[in-house]
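No lab work stands behind these numbers, since they all come straight from the coordinates. Quick caveat, the model's predicted, so the values are computed rather than measured. Quick reminder, even Gly has a Cβ in these numbers, built from the backbone with ideal geometry, and neighbours come from all protein chains shown.
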Amino acid sequence: MAVISLSVNGKKISKEVSDNILLSDFLRDKLALTGTHVGCDTSQCGACVVHLDGNSVKSCTTLVADCKDSKITTIEGLANNGKMHVMQESFKKHHGLQCGFCTPGMVMSAVDLLQKNKNPNEQEIRDWLEGNICRCTGYQNIVAAVKDAASKM
Amino acid sequence: MISLIGSKVERKEDKKFLTGKGRYTADINLVHQTYAYFIRSPHARAKIKSLDISKASKSPGIVKIFTGDDIAREKIGGLIAGWKIVSQDGKDMKVPNHPPLAKDSVNYVGDHVAVVIGESLEEAKNAADLVNISYSMQKAVVNPGEAMQSETIHEGIDNNLCFDFILGDKNKTEESFSSADKIVKLDLRNNRLIPNAMEPRACIGDYNPSSDELTLYTTSQNPHLSRLVLSAFGGIHPEHKFRVVAPDVGGGFGSKIYAYAEDAVTAWASKKIERPIKWVAERSESFLSDCHGRDHITHVELAIKNDGKITGLKVDTIANIGAYASLFSTVTPTYLYAPLILGLYNIPTAFINVKAVFTNTAPVDAYRGAGRPEATYLIERIVHKAANEIGMDQAEFRRKNFVNEFPHQQCLVHNIDSGDYNAHLDKALEVADYKNFKNRKLESTKKGKLRGVGFSTYIEACGIAPSAVVMSIGCGVGLWESAEVRFNATGNVSVFTGSHSHGQGHDTTFAQIVGDRLGVPIESIDIIHGDTDKGPFGMGTYGSRSLAVGGSAIAKACDKIIEKGKKVAAHMLEGKPEDIDFKEGDFILKNSNKKKTIGEIAFACYLPGQYGDAKSPLPPGVEPGLKETSFYDPINFSFPAGTHICEVEVDQNTGETKVVKYTAVDDFGTIINPMIVEGQVHGGIAQGIGQALYENSHYDESGQLTTASYMDYTMPRADNFPQIQVDYTTTPATSNPLGSKGCGEAGAIASPPAVINAVIDAIGTDVSMPATAEKVWKALKKNDLKKTAA
């Protein structure tokens, strides 16, 4: 056990955590931020993607112990004063989600793509999202949403 | 006013999912909650010699451990197969008891043996390691093709045969083959799949001893049916004191239709310990214990004339239903499969035999399409082969055999009410730019790639289903759907449906129906589902039935609202009910300028008297309130149909196959929300391409599932797909008031044969699903050898 200080969605948090607790479990069970989902046990599905110091990571394979003094942003922290992020709006407009389970990770991943590549082409979007599995949409409308968001950001 | 029907309305439910505020079962935590961990069989087939929980029970944080003996002692019923199939000898199908926790024997890897309940999940898992189980291993029956010649899995079920089902006219079919110019034959395997909804299954049992109320939160596609099954057959709790809640559910695709062992055990056990018990599947548990799909071995023969006319069809199928008969496992390879093998074609006679066998694998049940993908795969594969063998164009061979007049009574079961098969074929040829395929092939050849084109013209029967029909063929329930439309006094509307949405967008589509019928803005309409304590009993969502059956129930309830509204309006406007027209939310007295809005009528219905200026006495005999219920039972199935055309490119050096162009033209009848329908088509096609090229569930000889993680089971990813072109033709269904046919499964039904036919066209030789790079490369090498030898 150790006391870890970090910031989650702009809020400073200091908590005693066990050495082996995963960031996904910490967010869901200790902070009740259940928007971060866990869809697999092999770090493949990407439903748990959050931003760690601005970069997308799979929170199911990140130890909280490694997040000391870092800044975490989850899907709950993406909207600003109740106004959805351009990416969130774009997913809605293009029907880029159905059951919604992969959506938080998909959106967080897509936001990071546009941080790193402002104007990705279709293949680059598809390649980037290779680590996020969606079983509902067939990805086509997700790709359309990301493209459209890129044009607006 | 623009009609809401056919409008691309953005989804009402999206914001909560996009902002992380969805509420899935795993997100729910209850006060004083415990955690369940299921001990599962590591063996495919074994006797349980001994099971000792004494050490584990003393482990820190352990509340209780239950075993199969506890379940048996309490006389908790087994999980049931809900559809009785009769074999050709007139005898009922044979199904084994399926206890929620195994008592004496385990029958697949992942079978439930005991549940450990702890103060934390970690403590429950640690204690599970201390449960001492001694197994006596037996030889597992894994291959469905050999199951009938293998050791008996369940005592009293000889040859591991669940049923031996036939459909059609054997003699007439034999005659058609005797007089055929050509007989085309194929042996096919429809690969076993794992549905893989992204949300793993989960449940929480919560018993309140003071009120004797039991609540089960669960990842279910039909909470009402789960409650019925667990109550009536499981004997877990009386229905009126039992509430089942399926909150936001992260995809189902069939795998969440059924009440599973975990539902039964957590619900029952929470009564024993009088505390809530939460269980959330890890993905590996989902792989092992979610119902799998498909898994057919089929021999099919087609009788044709030299001019390309099909004159007869013969099919022999072995369907693997796994270790136990799951809820819809027996109807999936029979009535949802056999009648649909006729495809879109006017085939005068057919004879189908399906033998369903038990094996030591996870139960196999309905997965997106359920029987219809298997049917479509074999008819479209053999039609492709037949057209090639007599040297006809694929499109023209199909066109020659299409049914052209409706209604059409097929030679097996269905009476097809409507369709225009040439229309969607023609449109697909145009959208796919079929006439220029040769040029594209040439371009691919220049890049060193082999290019092929494949067709799939499909039909499905959905909108499941007329109760009288399905019950006459063995279904244990009626398949109607319920709706309650409840006006609130302030003029907004609460709509309760027995359907369940787990990605399909019912909150939006159903609101469009209500908005269109009642003239209320969709912002003022709320769709409520997924809770047995709210709204009437319903039959849930599967078989592309929600719109055709559930949506129709809503439309009917709206019509009753209008009917009552007319009486009230007539009284208020001093006219006769038959002189009231209802249009876009207004009740208008004919030949006058007098009208009342539906909001005013709702208000009047809740304030039936005079209070100050408000004067709204109801007509004599009319009750206060404005709430109507409908239980809608369709008069027939609905029959979506369409043409899908796929083009693939194959890398000759690696065998890697990519879908490079895909066109879907579907006839879903009336479309309410084209954006949502297109999304359903995309998703279905993605799952079908997954089946054709990537996905396969594999058990080794000892019955170990070797594809039990996302590292081993190939889930299709974003970079596996091209842009899919989607278009429609429309012939409204005549079997329901909306004219809708259903769209949820079509993509998964149509696409596998379109893809495989394209691969075969590209490489010039047969290949089985999934057409992995390895398989295609080997097939190409075999071809090369043949050419060299020749």
Rank B:G503, B:I71, B:N143 by how far each Cα sits towards the positive end of the charge dipole of chain B (+1 on Lys, Arg Cβ; -1 on Asp, Glu Cβ) and give me just the farthest.
-> B:N143
Nearest-0.05 FRET efficiency for B:A789 and B:D316 at R0 = 25 Å, using Cβ-Cβ distance, is 0.15
Contact order relative to length for segment A:2-77, counting C-alpha pairs under 8 Å separated by 6 or more residues, stands in percent at 40
Find the centroid of the Cα atoms in segment B:644-679 and in segment B:600-638, then give the distance between the two in whole Å.
-> 47
With the radius of gyration and the Kirkwood radius both derived from the Cα set of segment A:86-152, what is their ratio Rg to Rh?
-> 0.90
For chain A, modelled as a Gaussian network with Cα springs under 10 Å, which listed residue fluctuates most, A:S18, A:S59, A:S90?
-> A:S18
Contour minus Cα-Cα distance for B:K139 and B:S494 (0.36 nm per residue) = 122.2 nm
Sort B:279-288, B:385-394 for me by packing, meaning the mean count of neighbouring Cβ atoms within 10 Å per residue, highest on top.
-> B:279-288, B:385-394
Rg/Rg_ref, segment B:619-765, where Rg_ref = 2.2 N^0.38 Å and atoms are Cα | 1.45
For peptide B:704-710, compute the average count of partner chain beta-carbon atoms within 10 Å of each residue's beta-carbon.
-> 2
Whole-Å semi-axes of the protein assembly as shown's equivalent ellipsoid (Cα gyration tensor) = 40, 38, 31
Say each of B:L442 and B:S54 gets a label point 7 Å from the Cα, pointing the same way as Cα to Cβ; how far apart are those two points in nm?
-> 8.4
Under the definition of Cα pairs under 8 Å and six or more residues apart, what whole-number percent is the relative contact order of chain B?
-> 15
With a ≥ b ≥ c from the Cα gyration tensor eigenvalues, square-rooted, and the rule rounded for a/c under 1.5, otherwise prolate when a/b > b/c and oblate otherwise, chain B is oblate
For B:146-158, B:259-271, B:556-568, ranked highest to lowest by mean beta-carbon neighbours within 10 Å, the order is B:259-271, B:556-568, B:146-158
Express the relative contact order of segment A:77-153 as a whole percentage, based on alpha carbon pairs under 8 Å and six or more residues apart in sequence.
-> 46
Per the Cauchy relation, a quarter of the hull surface: what is the mean projected area of the convex hull of the alpha carbons in segment B:198-272, in nm²?
-> 4.5
For segment A:2-77, the Debye formula with one identical point scatterer on each Cα and no solvent gives log10 I(q)/I(0) at q = 0.15, 0.22, 0.23 Å⁻¹ as -0.42, -0.94, -1.04
Would you work out which of A:C48, A:I21, A:G35 lies farthest towards the positive end of the dipole of segment A:2-77? Charges go on Cβ: Lys and Arg +1, Asp and Glu -1.
-> A:G35
Estimated dipole of the protein assembly as shown in Debye, rounded to 20 [Cβ of Lys and Arg +1, of Asp and Glu -1, Cα centre] = 820
Length gain on complete extension for the stretch B:D581 to B:H299, per 0.36 nm per residue less the alpha carbon to alpha carbon distance?
-> 95.6 nm
Across peptide B:20-28, what mean number of C-beta atoms from other chains lies inside 10 Å of a residue's C-beta?
-> 6
Arrange the peptides B:400-410, B:512-522 so that the one whose residues have, on average, the most other Cβ atoms within 10 Å appears first.
-> B:512-522, B:400-410
Grab the DSSP H runs of chain A that are 4 residues or longer, score each as -39,500 (n - 2.57), total them, divide by all residues and round the 222 nm result to the nearest 500 deg cm²/dmol.
-> -8000 deg cm²/dmol
Cα centroids of segment A:1-71 and segment B:536-596: how far apart, whole angstrom?
-> 52
For the pair B:K781 and B:I390, the simple spin-label estimate (label points 7 Å beyond Cα toward Cβ) gives in nm 3.8
What's the average, rounded to a whole number, of partner chain beta-carbon atoms within 10 Å of each residue's beta-carbon in B:6-16?
-> 3
May I ask you to evaluate 6.51 cos²θ - 1.76 cosθ + 1.60, the Karplus curve with θ = phi - 60°, for each residue of segment A:142-153 and list the ³J(HN,Hα) values in order in whole Hz, giving x for glycine and proline?
-> 5, 4, 4, 5, 5, 4, 5, 4, 4, 6, 10, 9
What list of ³J(HN,Hα) values in whole Hz, one per residue of segment B:587-602 in order, does the Karplus curve 6.51 cos²θ - 1.76 cosθ + 1.60 (θ = phi - 60°) give from phi, with Gly and Pro shown as x?
-> 9, 10, 7, 3, 6, 8, 9, 8, 8, 10, 6, 5, x, 5, 5, 4
Measure off 7 Å from each Cα along the Cα-to-Cβ vector at B:K435 and B:K15, then give the distance between these two points in nanometres to one decimal.
-> 5.0
Report the dimensions of chain A along its three principal axes from the alpha-carbon atoms, largest first, rounded to Å.
-> 45, 32, 24
With charges only on Cβ, +1 for K and R and -1 for D and E, what is the dipole size of segment A:86-152 about its Cα centre, in debye, rounded to 20?
-> 180
What FRET efficiency would be calculated for the residue pair B:S178, B:L30, taking the C-beta separation as r and a Förster radius of 51 Å, to the nearest 0.05?
-> 0.15
Please compute the net charge surrounding B:I685, taking Lys and Arg as +1 and Asp and Glu as -1 over other residues with Cβ under 12 Å from its Cβ.
-> -2
Summing -39500 (n - 2.57) over the DSSP H runs of n ≥ 4 in chain B and dividing by its residue number, what mean residue ellipticity at 222 nm do you reach, to the nearest 500 deg cm²/dmol?
-> -8000 deg cm²/dmol
Dipole moment magnitude, nearest 20 debye, segment B:512-572 about Cα centre, only Lys, Arg, Asp, Glu C-beta charged = 320
Once Lys and Arg are counted +1 and Asp and Glu -1 for all other residues with Cβ under 13 Å from that of B:A641, the total becomes -3
Can you give the FRET efficiency for A:T42 and B:D700, using 1/(1 + (r/R0)^6), R0 = 25 Å, r = Cβ-Cβ distance, to the nearest 0.05?
-> 0.80
